[in-house]
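Worksheet: the structure to be examined is printed underneath.
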Amino acid sequence: MTEPRTHASGEELHSTESQKPTDEPPQSSSPHSQSSQGPDEIIPIPPYDWDDLQSRFSQAMEEKTSEEESVRKEYESLVAVRTKDLDVSAQD
């Protein structure tokens, strides 16, 4: 037998295959199911500070770009040293 699937809230999800159709709407324990809003009513989205998100994203990208540049320079210096070592050993 398979494990029942659960929603992120911990609520168990039921398969519709084993349920018999009824005239009654499904009962749910979610907080939205008890509201007086109908399916066509608009539920407002809470405001979000998009400028702060953009600022944090830009700062994180600058940090990662700096780290990437540092790794690239280290790689190039190691390749240059290795290439120089190969040139010297080839001349021997």
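The values are calculated or read from the model by the stated rules, or taken from the named source; none is laboratory data. Nothing here was measured: the structure is a model prediction, and the numbers come from that model. Backbone-built Cβ (ideal geometry, glycine too); neighbour counts: all protein chains shown.
The table that follows gives values for the structure above.
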| read-out | value |
| --- | --- |
| Pairs where the first residue, in the stretch 40-62, is of a type in the set (D, E, K, R) and the second is surrounded by 10 or more Cβ atoms within 10 Å (Cβ to Cβ), C-beta under 8 Å, 6+ apart | none |
| Test for ALA80: is it at pLDDT 55 or above and either of a type in the set (D, E, K, R) or surrounded by 10 or more Cβ atoms within 10 Å (Cβ to Cβ) (or both) | yes |
| Subset of the stretch 25-55 that is at pLDDT 65 or above and outside any loop (DSSP other than H, G, I, E, B) - its residue that is nearest to the chain's Cα centre (by Cα) | LEU53 |
